[in-house]
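Structure, as structure tokens:
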Amino acid sequence: MSAAVPPEHAGPAMPRRPTVRFMLASPWHMIALGAGSGLPRAAPGTWGTLLGWLLFQQVDQAFDPWSRWLLVAAMLLIGGYAAQITGRRLGAADSGHIVIDEIVAFWIVLLLLPGDAARGGWLLVAAFVLFRFFDIVKPPPIRALDARLKNGAGVMLDDLVAAFYTLFVLAIGVRLWG
């Protein structure tokens, strides 16, 4: 029979894994968890990025360019707040299940792709793969931002840097290979 570990020696509490019930308990959770795209155990950030692309197809058709940028700005603020509330309730400031950061950051990538590239083609695929790569690997300064800023703004900021890296690499690739 094993002895119980005293709470002071148990280590940090494991963050809660969100459920559908948790998500539906608050509109902030619904936003932060990408309407459920952040709920899967495997690759929630990838699912969130995919939802970001699908939502962008609707946004791109429904709004003019300035309105799209206003929506992105609003969603950066709303998403940061939703991420902060949801992270606190999950017990993990930047839970991998919070995907609003991937959604909004990928919208920025899509808004800055040339022509109709956001609708399909090799540039879209390259943007998706590069964005996921930078978000997962977290090259400097992303890892430092992720470690230091444990709030909604930090959740959003590290993905904005991943979006910048994605756009930078794509710009070099387009310049070199057309």
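The values are calculated or read from the model by the stated rules, or taken from the named source; none is laboratory data. Predicted model only: the values in this text are computed from it and were never measured. Cβ sites come from the backbone with ideal geometry, for glycine too, and all protein chains shown count toward neighbours.
Does L51 satisfy being in contact with a Leu (Cβ under 9 Å, 6 or more places away or on another chain), at pLDDT 95 or above and not hydroxyl-bearing (S, T, Y)? Judged against the criteria, L51 is not a match.
Of the residues making up the stretch 121-141, those that are part of a helix (DSSP H, G or I) and over 15 Å from G96 (Cα atoms) number 10. Take the conditions (1) at pLDDT 95 or above; (2) among the charged types (D, E, K, R); (3) within 20 Å of I136 (Cα to Cα); R68 misses just one of them, which is (3). Out of the stretch 150-178, which residues are surrounded by fewer than 20 Cβ atoms within 10 Å (Cβ to Cβ) and touching a residue at least 40 places away in the same chain (Cβ under 8 Å)? Correct list: K150, N151, A153, L160, L167, G173, V174. Only one of these conditions is not met by I98: (1) farther than 19 Å from L24 by Cβ; (2) outside any helix (DSSP H, G or I); (3) not small (G, A, S). Which number is it? If we test I98 against (1) farther than 19 Å from L24 by Cβ; (2) outside any helix (DSSP H, G or I); (3) not small (G, A, S), just (1) comes out false. If you go through the stretch 91-115 and keep only what is in contact with a Phe, Trp or Tyr (Cβ under 8 Å, 6 or more places away or on another chain) and either over 14 Å from W53 (Cβ atoms) or surrounded by fewer than 21 Cβ atoms within 10 Å (Cβ to Cβ) (or both), you end up with just L111. Of the numbered criteria (1) within 18 Å of G48 (Cα to Cα); (2) modelled with pLDDT under 95; (3) touching a helix residue (DSSP H, G or I) at 6+ places or on another chain (Cβ under 7 Å); (4) of a type in the set (A, V, I, L, M, F, W, C), the one L76 fails is (2). Scanning the stretch 130-149 for residues that are surrounded by fewer than 16 Cβ atoms within 10 Å (Cβ to Cβ) and either modelled with pLDDT of 90 or more or aliphatic (A, V, I, L, M) (or both) returns F133, I136, V137, A144, A147.
Taken as a whole, the stretch 160-168 holds at least one residue that is touching an Asp or Glu at 6+ places or on another chain (Cβ under 6 Å) and part of a helix (DSSP H, G or I). Residues in the stretch 122-149 that are touching a residue at least 60 places away in the same chain (Cβ under 8 Å) and not aliphatic (A, V, I, L, M): F128, F131, R132, D135.
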